Every structure is written in structure tokens, then in C-alpha cells.
């Protein structure tokens, strides 16, 4: 079976690197499935999950917070400000972040950037979803 | 001539100082090698993002305000120093570089907005009456991307909003453990895009412009992070050299003082003998 190499890179170093038979990402224009041999493409990503189907038919989940994907025939590179593999997500911490973000969004106080608060809320929800696998 | 006790005291205090400085030297050298490793870890990300930016900027007619130079009325400076001293001339040089850059680029303080990473830069420019828009104090020795994101984002945002027409970074570039080069680097507008290394022509989903919209701010922010990593490695290197010099100087001082101490002791002994002999002679 044909495979493609998947790299997920953040400024703090590479997070994920493996072979895959299919990758699906959430681009800003919609969900996108990538098979080996895809035409070279660049697309910006939304906050969401990257699903990597490994050659032995397992699915691995990685939470990413935006960025973009660069696709070549044998390689898929995802560049994002931050990414976490499902196994390494700390659920307790993610829930705490969710609570904080919710409070901030609801409070709508002056001096708090609502857009930023909503973004961090999205990131927190995304992390929890990825960890618990309910997508 | 100093008394025996005074000399002894000075020797002891110099010794304990040198213990501290040599410990600080060791600490800095291990921090430096970690900072160097961090900087290396960041390289793949930077190369990749540079590749893609180059591919898009060269491959399409897409244009973006961040790529276009405009007449400069106001400049933002991102200046990176340390929080504490004891790093030799590191902070002084970084600040001097920044002030020369300002003199060359701007006519007056009103045309300058400062983003400071590090207490020293923040305090200095505030005292000098510059506008310090934001400062990040208490950055860890091994910073993560999230530590600098706020400043980077605000600076990039000010450029996109048109509040400033140029963003310049001043920081120390790490060459090796003994030499750091203080440099000013124009962050925005982005004019120094390398020619594309890959000749893959990409499809853009949804369009080149929209990708640049996402990509360029991320690119600029990661450049700031890269500069911070570089500056941190330099800071540890500068601190290491400073502490090594201090330890060496202390050693030299201890040697000199020991000679002085021995001479003083010998003088005291000689004097005692002379007194005893003189006393015995008087009795005869």
C-alpha cells in the first residue's frame, strides 16, 4: 500500500512524525482528506484535529491550533503554533483551561479581548475532544 | 602595611566570591548548551515555513500588505535583553545597538514605539522617555513559543493596523560561546524572501491571498521567537564569559593577597625576633 510521511512541526520542535495511508485535516475551507500522491497543495488550517490513519489501520489523533498544511506527493507537513498528540494531552489541565476560557467569554469585561477568549475556548474544547476521542 | 588580620579577611571574602562566580559560570554554561539545543530544534520549523513563504511569494501574483514597503512615519522596535545584570557587556551592547538603530532610522522619540523583552530594556527606555508599548519581563531561561507570542502578536498587529510602518528587532546573535554579534534586523515589511528552493508549484486552497493572510503573521511571529532563542543563547554565553573572567580575576587577586599575607607574617616574625634579641642584649 502506498503511504505518505506526516510531519507536524511547531516552533518548539517536531511533535509528530510517522507514515500514514491517509490524513484528514480541518482546513478553513472545510474538511480535507489527503491520500498518498496528492497534488502539491497549501491550505490554512482551522483549530481542530488531524486524523492520521497508519498503514496498520489504526487512527491517531493530534490536536492543532491553526497554522497550515503543506502537501506534496510523498509528504504532508503541518506547521502550527502548537500541537499535541492525544496521548500527551493532560485532561485535567485542559478542563481547567476550558473553565477559565468559559468564564472569560461570559464575563465580557472591558480590557478582555473577546475574540482572543473565544479562540482559547475553541482550543480548549478541541483538546478535550481529541483526548476523549468524541469527534 | 596592612595588618595580618585585614589581609586574611580579604583573602577569605575573595575566595567566597570566587566560589559563587565559578558556580554561576557552570550554571550558565549548562544553560547555554540547552539554549543552543532549543535553537536547533526550532530550525526545521523555520526552514519549512520559509520554503512555503518563498514558494507562495514567488509563485503567485498574490500580494499582501506585509510584503509592501511604505513610507516610514513610525517604527516599532523589538528589543531583547536579559532581566538581570551580571552578564558582562551584554545588555549595554544590546541597548547601544538599539539606540544607534533609532538614531539612524528616526528623527525623534515620537516616531519610536518599543516592545521590550527583558527588564533591562524595558526600564532603560521607559526612563529615557520612549513609548514602551509592551514589555515581557521574567522570560524563562529556555523560553517556549507561547512566552513571546503576546508581544510578537501585538507588534505584528500594529503593523497590519497601520499604526507603525516598520518593525525592527534588536538582539544578540549567537555565533559561538565566545562571540555574539549584536544586530538589528527588519522584521516587517518582509522584503528579504529567499528564492524558492523547491520548484514544486502548489495549488492554493482556497487562494494564494488567503494563505498569505494566515501564513505571513505566523511567519513574522516565528521570526521573533527565533530571535528570542538566539538572544537567550547569547545571554547565557555572555554571562558565562563574564563569570569566567570574574573567577579568573579573583584567583589572581587571591594569589597577590597571599604573597602580601606571607610577607606581612614574615615581617611580624622578624620583628618579634628582633625584639627578643634586643631585650636579651639589654640584660647583658
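Please treat every number below as a calculation from the coordinates, not as lab data. This one's a predicted model, so the numbers in the text were calculated from it and none came from an experiment. Neighbour counts run over all protein chains shown; Cβ positions are idealised from the backbone, glycine included.
Note on residue B:40 and residue A:106: the model spin-label points, each 7 Å out from Cα along the C-beta direction, lie 4.9 nm apart. Against the main long axis of the alpha-carbon atoms of chain A, helix A:91-107 sits at an angle near 50°. Most tightly packed first, judged by the mean number of other beta-carbon atoms within 10 Å of their residues, the peptides B:35-47, A:85-97, B:217-229 read B:217-229, B:35-47, A:85-97. For residue B:58 and residue A:60, a Förster radius of 25 Å and the Cβ-Cβ distance give a FRET efficiency of 0.15, rounded to the nearest 0.05. From the Cα gyration tensor of the stretch B:39-160, with a ≥ b ≥ c the square roots of its eigenvalues, which class applies: rounded if a/c is under 1.5, or else prolate if a/b is larger than b/c, or else oblate? Oblate shape, in that a/c is at least 1.5 and b/c is the bigger or equal ratio. Counting every other Cβ atom within 10 Å of each residue's Cβ, A:17, B:147 order from fewest to most as A:17, B:147. To the nearest ten degrees, helix B:90-105 and the longest principal axis of the Cα atoms of chain B are 40 degrees apart. Neighbour counts of C-beta atoms inside 10 Å place B:90, B:202 in the sequence B:202, B:90, starting with the fewest. In degrees, nearest 10, range 0 to 90: what is the angle between the Cα axis of helix B:208-283 and the longest Cα principal axis of chain B? So the helix axis and the longest Cα principal axis differ by about 0 degrees. How many angstrom lie between the Cα centre of the stretch B:180-256 and the Cα centre of the stretch B:1-74? Each part reduced to its Cα centre gives a spacing of 9 Å. Please state the shape class of the stretch B:29-241: rounded when a/c is under 1.5, otherwise prolate if a/b exceeds b/c and oblate if not, all from the C-alpha gyration tensor. Oblate shape, in that a/c is at least 1.5 and b/c is the bigger or equal ratio.
Using C-alpha pairs below 8 Å separated by at least 6 residues, the relative contact order for the stretch A:4-86 is 33 percent.
Taking every C-alpha pair closer than 8 Å and separated by at least 6 residues, the mean separation divided by the residue count of the stretch B:29-241 gives a relative contact order of 34 percent.
As a calculated quantity, the FRET efficiency between residue B:6 and residue B:127 at R0 = 30 Å, using C-beta atoms, amounts to about 0.15.
Maximal additional length on extending the residue B:108-residue B:266 stretch stands at 50.4 nm, based on 0.36 nm per residue less the C-alpha distance. Of the residues B:126, A:22, B:66, the one with the fewest other Cβ atoms within 10 Å heads the list, and the complete ranking is B:126, A:22, B:66.
If you take the square roots of the eigenvalues of the alpha-carbon gyration tensor of the stretch A:4-86 and sort them as a ≥ b ≥ c, do you get rounded (a/c under 1.5), prolate (a/b over b/c) or oblate? Cα axes put the stretch A:4-86 in the rounded bin. Spin-label pair residue B:201-residue B:281: with each label point 7 Å from Cα along the Cα-Cβ axis, the two points sit 11.0 nm from one another.
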